[in-house]
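Below: one structure, written as structure tokens.
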Amino acid sequence: MNIACTAASGRGDTDLLLASLAERLAEEGLRACGTVQINTERGGEEPCDMDVRLLPDGPVVRISQSLGPNARGCRLDPAALETAVGMVSQHLEAGTDLLIVNKFGKHEADGRGFRPVIAEALARGVPVLVGLNRLNSEAFHEFSGHEATELAPDVETLLAWVKSACGRG
């Protein structure tokens, strides 16, 4: 099974790392599908807006919902996430060298979200790189059968793994 994960330590750093990797892959001529997350600060005390850019070239889907200034809890818009999942699934069927999933989050840990797309990519022999949320690390490793390679959060390290996994090393 050709699956790897990475997790950067700072808030939003994994998102920036995977976005940088996606740019490098495009420059190298590798076709990636999947998502990279874009966080946009809203100012004040309100949490950021969360969008995902579908690879390789869009569109951008807002996956967060505004619950008001005093709301607590999950801001993820499940319907928007499933829309993004469906679009990525279509890109996977069209052919790709790699699947990038911005985060194995709570929905994936619960069997929803990008989990079926990850399984489909692996069944097709497409390498998968996942941004790992440490809160869901155990669920991810159970899902991957403890076969996922943990990669340092560094673009060069990720690029080397991708090239090797795609047979371009």
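The values are calculated or read from the model by the stated rules, or taken from the named source; none is laboratory data. Computed from a predicted structure; not experimentally measured. Cβ sites come from the backbone with ideal geometry, for glycine too, and all protein chains shown count toward neighbours.
Can you confirm whether the range 116-127 contains a residue that is on the phi < 0 side of the Ramachandran plot, modelled with pLDDT under 95 and in contact with a strand residue (DSSP E or B) (Cβ under 8 Å, 6 or more places away or on another chain)? Taking every residue of the range 116-127 in turn, none turns out to be on the phi < 0 side of the Ramachandran plot, modelled with pLDDT under 95 and in contact with a strand residue (DSSP E or B) (Cβ under 8 Å, 6 or more places away or on another chain).
Residues are listed down the side, and each one gets a yes or a no for (1) closer than 22 Å to Gln37 by Cα; (2) touching a residue at least 24 places away in the same chain (Cβ under 8 Å); (3) outside any loop (DSSP other than H, G, I, E, B):
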site: Ala121; (1), (2), (3): yes, yes, yes
site: Val126; (1), (2), (3): yes, yes, no
site: His141; (1), (2), (3): yes, no, yes
site: Val162; (1), (2), (3): yes, yes, yes
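If the condition is being aliphatic (A, V, I, L, M), farther than 24 Å from Gln65 by Cβ and surrounded by 16 or more Cβ atoms within 10 Å (Cβ to Cβ), then the range 77-99 contributes Leu92, Leu98, Leu99. Answer with yes or no whether Phe143 is touching an Asp or Glu at 6+ places or on another chain (Cβ under 7 Å) and surrounded by 16 or more Cβ atoms within 10 Å (Cβ to Cβ). Considered against the rule, which asks whether it is touching an Asp or Glu at 6+ places or on another chain (Cβ under 7 Å) and surrounded by 16 or more Cβ atoms within 10 Å (Cβ to Cβ), Phe143 comes out as no.
Picking from residues in the range 1-47 that are among the β-branched types (Val, Ile, Thr) and at pLDDT 80 or above, the one that is farthest from Ile118 (Cα to Cα) is Ile38.
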